[in-house]
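Report on the following structure.
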Amino acid sequence: MSIINIENLKKFFGKLPVLDGINLSVPQGTMLALLGPNGAGKTTTIKILSTLLKPDGGRAIVNGYDVTCDPRGVRRSIGLTGQYAAIDEFLTGKENLELFGMLYHMHKKDIKRRIPELLERFELTNAASRAVRTYSGGMRRKLDLAACIIASPPVVFLDEPTTGLDPRSRLATWEIIREMMRSQTTILLTTQQLEEADQLANNIAFINEGKIIAEGTSDDLKLRVGGRRLEILLKDNKNAVTASQILEINNIKFNIENRAVNIPTNGNISSLTNILALMEKNSIQIDTFSLRKPTLDDVFMYYTGHKTKDFKN
Amino acid sequence: MMSLCITLDTKQKISKTNLHQDNTKPIRIMSNDFTRIEVCIKPKEPHLFTDLLTDIWVLTRRSLLHIIKNIDQILGLTIQPIMFMLLFYFVFSGAIEVGDVDYLSFLLPGILVQSLAFGSLYTSLSVATDLQRGITDRLKSLPINSTASITGHVLADLVRNLIQGIILLFTSFFLGFNPSAGVKEWLIIIALSAVFTFAISWLSAIMGLAAKTIESVNWLGFIVIFPLTFASAAFVPTETMPFGLRQFAQNQPVTHIIEAIRALLLGMETGNHIKMSLIWSLIIIAISVPITTILFKQHGRN
């Protein structure tokens with residue numbers, strides 16, 4: 001059964017379509033990652049689902065409640081963390097959790113039981129009686145997540161939960177999100193990093209300019225985009241021209257920018273040796289080559305044929 | 001509790017007037033172009049009044065905690081009234097002629113009302129900070145009446161101003177201020193100050209919502225409150241002011257409340273000042289509360 005259902009959702013800012021007819025559904029206890037560049041419509045989708053914005057068309061149902069008809073029902077069912085930790089700077093970690101517990105109208109007894117449990121799980125016990133002002137970015141984020149699930153909502157929206165975090169805090173946050181999933185919470189997560197979506201989500205929807213342009217499991221997407229990217233830096237532009245001709249003749253998909261060629265592969269030895277042997281055979285001079293994971297840019301390039309535009313929010 | 005949303009084909013547009021003529025109460029129009037209507041199958045769960053009181057209390061408690069947890073607020077709260085009192089007293093007392101009373105007695109009500117007005121600006125600052133930090137959005141996603149967050153800031157202003165007023169009075173007693181007011185007069189003074197604070201705090205909530213940044217909140221506050229407190233009977237008798245300014249100063253709300261408190265403290269005739277300051281405060285409240293609520297609900301919704 002789908003807990004989140006979005007049908008032909010539309011939103012305009014002025015005349016500009018920000019969401020241009022989005023369809024999505026998230027089954028209970030699973031996570032959908034909404035992957036896309038800045039300005040693609042990720043945050044707008046979350047804002048509509050959490051009743052902060054009104055849709056201009058279509059409908060969205062969360063936990064059985066329509067976001068426009070029954071905002072209160074929706075609000076009782078969800079936990080939300082925005083792009084910035086929205087917790088009170090001057091209160092301590094514990095006081096913040098108390099505040100949110102009381103605002104969710106939980107029983108005092110339940111709040112008392114839940115707070116130490118959450119602090120322990122999020123490794124914040126030692127910082128519990130310090131003002132949030134003194135917390136690091138990673139700690140704030142963790143407290144924000146704790147506040148968001150204090151009332152154990154069936155649905156959680158995570159809007160770019162690891163943006164601006166250092167790699168260690170990012171891993172810690174991922175671990176917390178995985179644990180949320182183990183407790184059967186339905187999660188909609190937005191991210192700009194393919195790796196994050198890949199690591200966490202059951203399903204990935206790729207959004208660009210207000211449209212879903214690809215959807216599937218991360219394996220589906222990777223299979224289409226290529227599990228690894230082979231990046232070859234050629235000696236000069238003349239070599240680059242010959243190389244692209246040869247790749248084209250051999251029906252190998254690639255992107256080229258000046259003398260850098262980028263080829264999606266599945267990453268296994270035979271496919272790599274094939275390509276490199278082809279270069280060798282045609283005496284194409286190579287400076288360096290490397291193998292890397294595909295990025296959002298690669299997915300973007302694959303589906304749209306051009307690089308991500310940097311949108312300013 | 002459950003309701004059903006129906007999106008109509010654009011060809012089937014219904015007009016607003018039709019809906020109203022039919023007097024079909026359970027139907028609500030959900031979109032600007034009247035293509036989307038809502039039919040409530042069961043009546044919506046009402047906002048419980050006790051829930052609202054809980055929300056207001058929880059969020060007021062949060063704003064009150066800010067008073068003791070924010071060092072800036074503690075400093076502003078204690079140092080500002082003492083400094084105003086000392087500076088105005090020592091700088092102006094030799095130069096300004098205020099008639100029968102000594103300058104300290106004349107000055108205190110002015111400074112008191114000025115610090116009440118400035119103290120009420122904390123609401124604008126708190127409201128703008130909540131907006132900027134994403135706390136407002138977060139609160140709006142909770143199953144609460146989120147305007148309670150503003151009510152919380154407003155009520156915290158009352159407590160803050162009470163503390164500030166007490167510090168100010170003790171400073172003036174130290175300087176030799178000796179008012180003749182009895183218990184009844186003091187109670188009226190406290191009530192007038194509370195209603196005035198309440199009014200200015202709601203006005204200040206509008207400024208907080210209207211300003212885009214925390215910096216512009218400060219400017220907006222100064223632009224509104226400075227003229228009101230200085231072009232008043234706070235520091236000099238209004239009779240000394242030029243034509244135009246004098247008429248403004250004599251009839252604006254801040255002057256009325258200063259004159260009322262001054263008369264109550266010094267045992268003089270209060271005239272219509274108590275009545276006028278109450279009327280002014282109530283007018284400001286009656287206008288500001290609905291505007292604040294509308295702005296708050298509209299904010300960021302497009």
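Within region A:45-56, how many residues are in a helix (DSSP H, G or I), within 10 Å of chain B (Cβ to nearest Cβ) and of a type outside the set (A, V, I, L, M)?
In the first step, residues of region A:45-56 are kept if they are in a helix (DSSP H, G or I); the result is A:45-49.
Narrowing further to those that are within 10 Å of chain B (Cβ to nearest Cβ): A:46-47, A:49.
Next, from what is left, pick out any that are of a type outside the set (A, V, I, L, M): A:47.
Residues that pass the stated criteria total 1.
On inspection, B:Ser149 qualifies as surrounded by 22 or more Cβ atoms within 10 Å (Cβ to Cβ), modelled with pLDDT of 90 or more, closer than 11 Å to B:Ala205 by Cβ and assigned by TED's automatic domain parsing to the domain that holds B:Val91. I want to confirm something. Restricting to region B:76-98 and keeping residues that are of a type in the set (A, V, I, L, M) and part of a helix (DSSP H, G or I), which single residue is nearest to B:Arg160 (Cα to Cα)? Checking each candidate, the answer is B:Leu77.
Could you go through region A:57-69 and let me know if any residue there is within 24 Å of B:Gly152 (Cα to Cα), within 8 Å of chain B (Cβ to nearest Cβ), within 27 Å of the chain's Cα centre (by Cα) and not in a helix (DSSP H, G or I). Talk me through it step by step, then tell me what you get.
Quick first cut of region A:57-69, residues within 24 Å of B:Gly152 (Cα to Cα) only: none.
No, the conditions are met nowhere in region A:57-69.
Within region A:1-44, the residues that satisfy the criterion of being within 19 Å of A:Glu160 (Cβ to Cβ) and outside any strand (DSSP E or B) are A:Gly36, A:Pro37, A:Asn38, A:Gly39, A:Ala40, A:Gly41, A:Lys42, A:Thr43, A:Thr44. With the condition kept exactly as written, say whether any residue in region A:17-33 is in contact with a Ser or Thr (Cβ under 8 Å, 6 or more places away or on another chain) and without any contact (Cβ under 8 Å) to a residue 60 or more places away in the chain. Yes: region A:17-33 contains one or more residues that are in contact with a Ser or Thr (Cβ under 8 Å, 6 or more places away or on another chain) and without any contact (Cβ under 8 Å) to a residue 60 or more places away in the chain. Taking region A:45-64 as the region of interest, how many residues are buried (at least 19 other Cβ atoms within 10 Å of the Cβ) and closer than 17 Å to A:Asn8 by Cβ? Adding up the residues that qualify gives 11. Which ones in region A:255-285 are surrounded by fewer than 16 Cβ atoms within 10 Å (Cβ to Cβ) and β-branched (Val, Ile, Thr)? Across region A:255-285, the qualifying residues are A:Ile269, A:Thr273.
Flag: A:Ala33 matches the condition of being more than 20 Å from A:Ala147 (Cα to Cα), more than 9 Å from every other protein chain (Cβ to nearest Cβ), in contact with a helix residue (DSSP H, G or I) (Cβ under 6 Å, 6 or more places away or on another chain) and buried (at least 24 other Cβ atoms within 10 Å of the Cβ).
Of the strands (runs of 3 or more DSSP E) contained entirely in region A:135-253, those carrying at least 1 residues that are closer than 29 Å to A:Gly57 by Cβ fall at A:155-159, A:186-191, A:203-208, A:211-216. Among the residues of region A:71-80, some residue qualifies, meaning at least one is in contact with a Cys (Cβ under 7 Å, 6 or more places away or on another chain), buried (at least 22 other Cβ atoms within 10 Å of the Cβ), hydrophobic (A, V, I, L, M, F, W, C) and at the interface with chain B (Cβ under 7 Å from one of its Cβ atoms).
Within region A:89-117, the set of residues being facing another protein chain (nearest Cβ under 8 Å), surrounded by fewer than 24 Cβ atoms within 10 Å (Cβ to Cβ) and more than 26 Å from A:Val26 (Cα to Cα) comprises A:Glu89, A:Phe90, A:Leu91, A:Glu95, A:Leu99, A:Met102, A:His105.
Inspect all residues belonging to region B:65-75 and state whether any of them is in a loop (DSSP other than H, G, I, E, B), surrounded by fewer than 19 Cβ atoms within 10 Å (Cβ to Cβ) and either among the aromatic types (Phe, Trp, Tyr) or within 14 Å of chain A (Cβ to nearest Cβ) (or both).
Let us first name the residues in region B:65-75 that are in a loop (DSSP other than H, G, I, E, B), namely B:70.
Filter once more, keeping what is surrounded by fewer than 19 Cβ atoms within 10 Å (Cβ to Cβ): B:70.
Remaining after also requiring either among the aromatic types (Phe, Trp, Tyr) or within 14 Å of chain A (Cβ to nearest Cβ) (or both): B:70.
So far as region B:65-75 goes, yes, one or more of its residues are in a loop (DSSP other than H, G, I, E, B), surrounded by fewer than 19 Cβ atoms within 10 Å (Cβ to Cβ) and either among the aromatic types (Phe, Trp, Tyr) or within 14 Å of chain A (Cβ to nearest Cβ) (or both).
Of all residues in region B:215-238, those that are of a type outside the set (A, V, I, L, M, F, W, C) and surrounded by fewer than 16 Cβ atoms within 10 Å (Cβ to Cβ) total 4.
All told, B:Pro109 falls short of being part of a helix (DSSP H, G or I), in the same structural domain as B:Phe226 (by TED's automatic domain parsing) and at pLDDT below 85.
If you go through region A:223-240 and keep only what is closer than 8 Å to A:Val261 by Cα, surrounded by fewer than 20 Cβ atoms within 10 Å (Cβ to Cβ) and aliphatic (A, V, I, L, M), you end up with just A:Leu233.
Of all the numbered requirements in (1) over 18 Å from the mean Cα position of the chain (by Cα); (2) within 30 Å of A:Ile149 (Cα to Cα), B:His66 misses one, and that requirement is (1). Screening A:Glu117 against (1) of a type in the set (Asp, Glu); (2) at pLDDT below 95; (3) within 26 Å of B:Ser126 (Cα to Cα) leaves a single unmet condition, (3).
May I ask you to verify whether B:Val154 is on the phi < 0 side of the Ramachandran plot, part of a helix (DSSP H, G or I), assigned by TED's automatic domain parsing to the domain that holds B:Ile225 and surrounded by fewer than 24 Cβ atoms within 10 Å (Cβ to Cβ)? First the steps, then the outcome.
On the way: on the phi < 0 side of the Ramachandran plot: yes; part of a helix (DSSP H, G or I): yes; assigned by TED's automatic domain parsing to the domain that holds B:Ile225: yes; surrounded by fewer than 24 Cβ atoms within 10 Å (Cβ to Cβ): no.
Criteria not met by B:Val154.
The values are calculated or read from the model by the stated rules, or taken from the named source; none is laboratory data. The model shown is predicted, which means the values in this text are computed figures rather than measured ones. Virtual Cβ from ideal backbone geometry, glycine too; neighbours counted across all protein chains shown.
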